[in-house]
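Enquirer: This is the structure I have questions about; it appears just below.
The values are calculated or read from the model by the stated rules, or taken from the named source; none is laboratory data. Treat the numbers as computed from the prediction; the structure is a model and nothing was measured. Backbone-built Cβ (ideal geometry, glycine too); neighbour counts: all protein chains shown.
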Amino acid sequence: VATQRLKLSVLGTGYLGATHAACMAELGFDVLGLDVDRAKIDTLSAGRVPFYEPGLEEVLVRNLAAGRLRFTSDYAEAAEFADVHFICVGTPQRADSNAADLSYVDAVVDSLAPLLTRPAVVIGKSTVPVGTAARVAARISALAPAGSAVEVGWSPEFLREGFGVQDTLAPNRIVIGTDSARVEEVMRSISATQIAQGIPFMVTDLQTAELVKVSANAFLATKISFINAMAEVSEAAGADVIKLAEALSYDDRIGGKFLGPGLGFGGGCLPKDIRAFMARADELGVEPALSFLREVDAINQRRRARTIDIARGLIGGSFAGRTVGVLGAAFKPNSDDIRDSPALDVAQTISSLGAHVTVYDPEALENAKRAHPDLNYAHSMLEAVRDAEVVLLLTEWAEFRDADPDELAKVVAETRIVDGRNALDPEHWRERGWIYRALGRP
Ligand code: UGA
């Protein structure tokens with residue numbers, strides 16, 4: 001593989017793949033994105049991003065126009081075009097267990113490998129259970145006509161939804177797992193811009209690279225559940241977890257990031273990654289090493305139950321026949337992703353307990369409607385809280401943080417709010433006559 005003018009394919013065009021493809025083109029490479037979903041390919045080819053990701057559309061449009069970026073559904077075209085193939089498909093939780101569903105990774109390997117007739121490099125970016133990369137490498141050499149001239153590396157992706165472009169162009173580190181000098185050289189040349197900027201570039205074995213990703217997400221999930229456990233204790237003791245978290249954050253060994261107490265973590269990554277990590281540890285015979293993650297998951301689930309209990313308490317003990325306004329559906333602000341969204345989980349539970357629930361979200365309404373068709377949806381914040389006997393703030397969009405308590409008071413039936421994200425100023429809302437409740441604060 002010549003390291004000059006590398007041609008790249010990106011297999012899978014979801015959040016990760018679409019962002020990776022556009023950003024690699026932005027760095028000057030010729031990129032072909034592939035997805036078996038033709039609707040996605042048509043949308044991307046037309047310069048539209050099929051999900052909400054600030055800043056991505058500009059990068060997509062610019063690189064389509066420059067002729068550096070194209071999309072296809074044809075594996076033969078990808079095999080013919082590219083020297084380096086990135087695996088960027090999803091690894092969701094299996095329906096029947098906590099383990100990761102690797103069927104999309106396997107499908108990519110089985111479709112691509114038999115078409116690889118000349119030397120190539122395959123780099124996995126998907127989050128996978130440790131041991132997957134070695135299995136993929138063996139399968140590719142067995143299936144590819146070029147045999148061992150196709151080499152495999154694993155370079156986990158650390159991007160956050162909502163910051164995908166910035167995290168891909170300027171990640172806080174690049175890790176490549178490989179034992180091949182050629183794969184390392186290829187990855188160095190793809191990462192030349194970032195290396196020149198001083199971004200740490202680490203070469204490890206395959207297993208360590210796979211583990212870096214899941215252990216990073218496990219650490220982040222643990223940090224969130226730690227502060228949420230402190231919120232539980234604070235509530236019982238009459239303390240204020242927001243002040244507690246602030247005081248902890250001034251110790252730079254602890255740091256203030258991912259120390260935000262509230263409804264807890266959701267999304268397509270943290271929840272399923274910690275479960276798949278536990279399942280893998282079990283297979284490796286080291287189940288006790290990660291048993292604490294069961295507690296991390298349990299603390300996280302309890303935050304949803306606690307939010308529901310606080311709301312139920314405020315309206316006299318039962319949701320039956322009551323009107324509830326829900327602000328937020330996405331798993332976090334600046335995203336339209338509703339995978340394992342704490343907000344929708346809470347809304348759905350309250351609805352199944354007999355309440356009339358109306359949900360508003362600035363970006364995630366269409367996705368929410370598809371997944372939860374029995375909830376009611378509104379097209380504005382004021383419409384969602386009209387006649388509500390209690391309002392629940394469950395995703396901390398700026399629009400909700402900036403909400404005017406007097407405006408909302410004009411349309412609700414009762415001025416009661418549960419701030420599931422500790423996003424509002426309690427004093428301000430109480431001064432305006434609201435009954436304000438939050439997780440972990442008096
Ligand atoms: C997460 C990681 O942060 C990324 O580094 C990683 O690359 C990505 O997963 C992945 O595996 O692909 P993401 O799922 O986009 O990124 O979302 P985060 O910003 O990590 O937020 C996760 C959840 O934690 C959200 O529901 C958020 O509301 C919650 N959270 C976050 C808190 O409850 N408190 C906090 O202090 C921070």
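Results for (1) within 30 Å of ARG118 (Cβ to Cβ); (2) among the acidic types (Asp, Glu); (3) buried (at least 19 other Cβ atoms within 10 Å of the Cβ), shown as yes or no for each residue.
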{"residue": "LEU44", "(1), (2), (3)": "yes, no, yes"}
{"residue": "PRO54", "(1), (2), (3)": "no, no, no"}
{"residue": "GLU58", "(1), (2), (3)": "no, yes, no"}
{"residue": "ASN63", "(1), (2), (3)": "yes, no, yes"}
{"residue": "LEU69", "(1), (2), (3)": "yes, no, yes"}
{"residue": "ASP74", "(1), (2), (3)": "yes, yes, no"}
{"residue": "GLU77", "(1), (2), (3)": "yes, yes, no"}
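Enquirer: Determine whether the range 180-196 contains at least one residue that is within 20 Å of PHE277 (Cα to Cα), assigned by TED's automatic domain parsing to the domain that holds LEU60 and without any contact (Cβ under 8 Å) to a residue 24 or more places away in the chain.
Expert: No: zero hits.
Enquirer: Turning to a different aspect of this structure: Within the range 1-45, can you find the residues that are in contact with a Leu (Cβ under 9 Å, 6 or more places away or on another chain) and part of a loop (DSSP other than H, G, I, E, B)? Lay out the reasoning, then the answer.
Expert: Step one: filter the range 1-45 for residues in contact with a Leu (Cβ under 9 Å, 6 or more places away or on another chain), giving 7-13, 15-27, 29-35, 41, 44-45.
Scanning the range 1-45 gives GLY12, THR13, LEU27, PHE29, ASP35.
Enquirer: Another question, then. Six or more apart or on different chains, Cβ atoms under 6 Å: show the pairs whose first residue is in the range 220-249 and farther than 13 Å from PRO442 by Cα and whose second is among the polar types (S, T, N, Q) and within 13 Å of the ligand (Cβ to nearest atom).
Expert: Pairs found: SER225/ASN300.
Enquirer: List every residue pair whose Cβ atoms lie under 6 Å apart, where the two residues are 6 or more positions apart in sequence or sit on different chains, the first residue falls within the range 13-33 and is outside the structural domain of THR72 (by TED's automatic domain parsing), and the second residue, located anywhere, is within 16 Å of the ligand (Cβ to nearest atom).
Expert: none
Enquirer: Would a scan of the range 309-325 turn up a residue that is touching a residue at least 12 places away in the same chain (Cβ under 8 Å) and within 16 Å of the ligand (Cβ to nearest atom)?
Expert: No: the range 309-325 contains no residue that is touching a residue at least 12 places away in the same chain (Cβ under 8 Å) and within 16 Å of the ligand (Cβ to nearest atom).
Enquirer: Continuing with this model, one more query. Residues in the range 320-329: is at least one farther than 18 Å from GLU366 by Cα, crowded, with 24+ Cβ neighbours inside 10 Å, touching a strand residue (DSSP E or B) at 6+ places or on another chain (Cβ under 9 Å) and among the aliphatic types (A, V, I, L, M)?
Expert: Restricting attention to the range 320-329, the residues satisfying the condition of being farther than 18 Å from GLU366 by Cα are 320-324.
Subsequent filtering for residues that are crowded, with 24+ Cβ neighbours inside 10 Å retains 324.
Still in the running and touching a strand residue (DSSP E or B) at 6+ places or on another chain (Cβ under 9 Å): 324.
When the remaining residues are screened for being among the aliphatic types (A, V, I, L, M), the result is 324.
Yes, the conditions are met somewhere in the range 320-329.
Enquirer: Same structure again: Can you list the helices (runs of 4 or more DSSP H) lying wholly within the range 126-193 that have 1 or more residues being within 16 Å of the ligand (Cβ to nearest atom)? Reasoning before the result, please.
Expert: On the way: elements: 132-143, 164-169, 181-190.
Here the list reads 132-143, 164-169.
Enquirer: What single numbered condition from (1) surrounded by 14 or more Cβ atoms within 10 Å (Cβ to Cβ); (2) modelled with pLDDT under 95 fails to hold for LEU392?
Expert: Every listed condition holds for LEU392 apart from (2).
Enquirer: Which one of VAL150, VAL109 is touching a strand residue (DSSP E or B) at 6+ places or on another chain (Cβ under 6 Å) and aliphatic (A, V, I, L, M)? So that I can check it myself, show each step before the final result.
Expert: Details: VAL109 fails: touching a strand residue (DSSP E or B) at 6+ places or on another chain (Cβ under 6 Å).
Result of the check over VAL150, VAL109: VAL150.
Enquirer: Let me ask something else. Please work out if VAL49 is more than 22 Å from the chain's Cα centre (by Cα) and outside the structural domain of ALA276 (by TED's automatic domain parsing). Steps first, answer last, please.
Expert: Working: more than 22 Å from the chain's Cα centre (by Cα): no; outside the structural domain of ALA276 (by TED's automatic domain parsing): yes.
No, not satisfied.
Quick grid of which residues meet (1) surrounded by 14 or more Cβ atoms within 10 Å (Cβ to Cβ); (2) among the basic types (Lys, Arg); (3) in contact with a helix residue (DSSP H, G or I) (Cβ under 6 Å, 6 or more places away or on another chain):
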| residue | (1), (2), (3) |
| --- | --- |
| ASP252 | no, no, no |
| GLY260 | yes, no, no |
| ASP273 | yes, no, yes |
| VAL296 | yes, no, yes |
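Enquirer: Follow-up. Kindly evaluate GLY316 against the criterion of being surrounded by fewer than 20 Cβ atoms within 10 Å (Cβ to Cβ) and either within 26 Å of ASP337 (Cβ to Cβ) or over 22 Å from the mean Cα position of the chain (by Cα) (or both).
Expert: Working: surrounded by fewer than 20 Cβ atoms within 10 Å (Cβ to Cβ): yes; either within 26 Å of ASP337 (Cβ to Cβ) or over 22 Å from the mean Cα position of the chain (by Cα) (or both): yes.
The answer is yes for GLY316.
Enquirer: I would also like to ask the following. Please go through the range 344-367 and give me each residue that is touching a Phe, Trp or Tyr at 6+ places or on another chain (Cβ under 7 Å) and charged (D, E, K, R), ordered by number.
Expert: GLU363
Enquirer: Can ILE350 be described as free of Cβ contacts under 8 Å to residues at least 60 places away in the same chain, within 15 Å of the ligand (Cβ to nearest atom) and either over 20 Å from GLY260 (Cα atoms) or among the β-branched types (Val, Ile, Thr) (or both)?
Expert: Numbers: free of Cβ contacts under 8 Å to residues at least 60 places away in the same chain: yes; within 15 Å of the ligand (Cβ to nearest atom): no; either over 20 Å from GLY260 (Cα atoms) or among the β-branched types (Val, Ile, Thr) (or both): yes.
Here the answer is no, as ILE350 does not meet what is asked.
Enquirer: What are the residue pairs meeting all of these: first residue in the range 254-271, first residue within 15 Å of MET230 (Cβ to Cβ), second residue modelled with pLDDT of 95 or more and near the ligand (Cβ under 6 Å from one of its atoms), Cβ atoms under 7 Å, and 6 or more apart or on different chains?
Expert: Once the first residue is within 15 Å of MET230 (Cβ to Cβ) and sits in the range 254-271, its partners that are modelled with pLDDT of 95 or more and near the ligand (Cβ under 6 Å from one of its atoms) give PHE258/LEU220; PHE258/ILE224; GLY264/ILE224.
Enquirer: Just one of (1) farther than 17 Å from ARG303 by Cβ; (2) away from the ligand (no atom under 16 Å from the Cβ) trips up PHE400, so point out which.
Expert: (2)
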